[in-house]
1. If only one of Gly139, Gly147 is closer than 24 Å to Ser311 by Cβ, touching a residue at least 12 places away in the same chain (Cβ under 8 Å) and of a type in the set (Gly, Ala, Ser), which one is it?
2. For Thr14, are the conditions met, namely being within 21 Å of Asp264 (Cβ to Cβ) and either surrounded by fewer than 18 Cβ atoms within 10 Å (Cβ to Cβ) or at pLDDT 95 or above (or both)?
3. Would you be able to say whether some residue in segment 246-260 is in contact with a Pro (Cβ under 6 Å, 6 or more places away or on another chain) and of a type in the set (Lys, Arg)?
4. When the residues of segment 291-315 are narrowed to those that are crowded, with 18+ Cβ neighbours inside 10 Å and over 21 Å from Leu29 (Cβ atoms), which ends up nearest to the chain's Cα centre (by Cα)?
5. Taking strands (runs of 3 or more DSSP E) that fall entirely within segment 1-75, which contain at least 3 residues that are more than 28 Å from Tyr130 (Cβ to Cβ) and more than 20 Å from the chain's Cα centre (by Cα)?
6. Going by the structure shown, is Lys226 under 18 Å from Ile21 (Cα atoms), outside any loop (DSSP other than H, G, I, E, B) and out of contact with any Leu (no Cβ under 7 Å at 6 or more places or on another chain)?
7. If I ask for residues that are among the hydroxyl-bearing types (Ser, Thr, Tyr), outside any helix (DSSP H, G or I) and over 24 Å from the mean Cα position of the chain (by Cα), which ones from segment 175-223 would you list?
Amino acid sequence: MSNILIFDTSVATTNLGDLIISDSVYTNLLEMFPEGRFFNTTTHEVIGKLTYRLHQNSKYSFVAGTNLLSSNMNFYNQWKVNLLDGIFLKDIVLMGVGWWQYQKSPNLYTRLLYKRLLSSTYVHSVRDGYTVQKLNEAGINNVLNTGCPTIWKLTQEHCKLIPQNKANSVVFTLTDYNKNIGSDMRLMDILKKSYDFVYFWPQGSNDLEYFSDLGGGAEVLSPTLKGYDELLARNGDIDYVGTRLHAGIRAMQFKKRSIILTVDNRALEKAKDINLPVVERSNLCELQARIDGKWDTKLNIDFNAIDTWRSQFLE
């Protein structure tokens, strides 16, 4: 039985999308280590002696998902680690981690930090080609583009079960930290005209307030992952449309047709890599055509890369 430490982005988070990532991370790691003893620690808060001890007593330590990496970790770091932590934390493995935003090459501090923290023995898993590029610029070359763990179960057979045509109902999301009042109001108008039933899921901590500021006008779901999952499970005729990337992927996990509106680099890079169904938020004519059209969900996921990354931990 091996001890396994997970730097878990769902700890101390205000974004339920981190729970979606964490759920997929644990699902995959439990398959890889069915006899494993799992511990978790935070990425979003400063760590200390207990995390050091858990790491030292674990066979593997994984950093699990989301956009934790950046080019200037001494100025902006969602993953709250520093060079002092690098004395005690070694050989950490990335699992579906991404780069924060489009940035310049990593600075010297960041390159030193990643060299200290990240394993040179194991191959790292990252969520897109852009993150591979940035890690290579930091001198980390043992990297595979596996995509986020949330897509690892979206096989061709799974996606064939996702409907091609518009559903009767829709669930949508907004993004509180990336507002565009004009586009978001038009989005809501399009959805109300296109669907008989419209639901809103507040994934982020201030999404509901933003939705209310835009005038509301849809049934609001419980601000929990359980509330969202229950809607997707019980409603056999529902689409997802919205700006929250992982809400869209969750809907696809439930075999629902999804249209993800891009607000940052994450969905754009996934679209380039795996043909994720995305539309630019500003291009509402394309959105209307996509809603009304008939199309297959065909993802180009590199399952060989996923299998290669997983196989290095076979015991």
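1. Numbers: Gly139 fails: closer than 24 Å to Ser311 by Cβ.
After ruling out the rest, the residue left standing is Gly147.
2. Numbers: within 21 Å of Asp264 (Cβ to Cβ): yes; either surrounded by fewer than 18 Cβ atoms within 10 Å (Cβ to Cβ) or at pLDDT 95 or above (or both): yes.
So Thr14 passes the test.
3. Yes.
4. First pass over segment 291-315, keeping only residues crowded, with 18+ Cβ neighbours inside 10 Å: 291, 297, 299, 301, 306, 309.
In the following step, the residues that additionally are over 21 Å from Leu29 (Cβ atoms) were identified as 291, 297, 299.
Numbers: Ile291: 23, Thr297: 18, Leu299: 16 Å.
The residue in question is Leu299.
5. Working: elements: 3-8, 37-42, 60-64.
Where strands (runs of 3 or more DSSP E) fall fully within segment 1-75 and carry at least 3 residues being more than 28 Å from Tyr130 (Cβ to Cβ) and more than 20 Å from the chain's Cα centre (by Cα), they are 37-42.
6. Details: under 18 Å from Ile21 (Cα atoms): yes; outside any loop (DSSP other than H, G, I, E, B): yes; out of contact with any Leu (no Cβ under 7 Å at 6 or more places or on another chain): yes.
Yes.
7. Step one: of segment 175-223, the residues among the hydroxyl-bearing types (Ser, Thr, Tyr) are 175, 177, 183, 194-195, 199, 205, 210, 212, 222.
Next, from what is left, pick out any that are outside any helix (DSSP H, G or I): 175, 177, 195, 199, 205, 222.
Matches in segment 175-223: Tyr195 only.
Rundown of residues vs (1) in contact with a Pro (Cβ under 9 Å, 6 or more places away or on another chain); (2) outside the structural domain of Asp196 (by TED's automatic domain parsing); (3) within 15 Å of Leu268 (Cβ to Cβ); (4) charged (D, E, K, R), yes/no style:
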site	(1), (2), (3), (4)
Ser119	no, yes, no, no
His124	no, yes, no, no
Asp128	no, yes, yes, yes
Leu135	yes, yes, no, no
Ala138	yes, yes, no, no
Val143	no, yes, no, no
Thr146	no, yes, no, no
Ile162	no, no, no, no
Asn168	no, no, no, no
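The values are calculated or read from the model by the stated rules, or taken from the named source; none is laboratory data. These numbers come from a predicted model, not from an experiment. Counting neighbours? That spans all protein chains shown, and the Cβs are built from the backbone with ideal geometry, glycine included.
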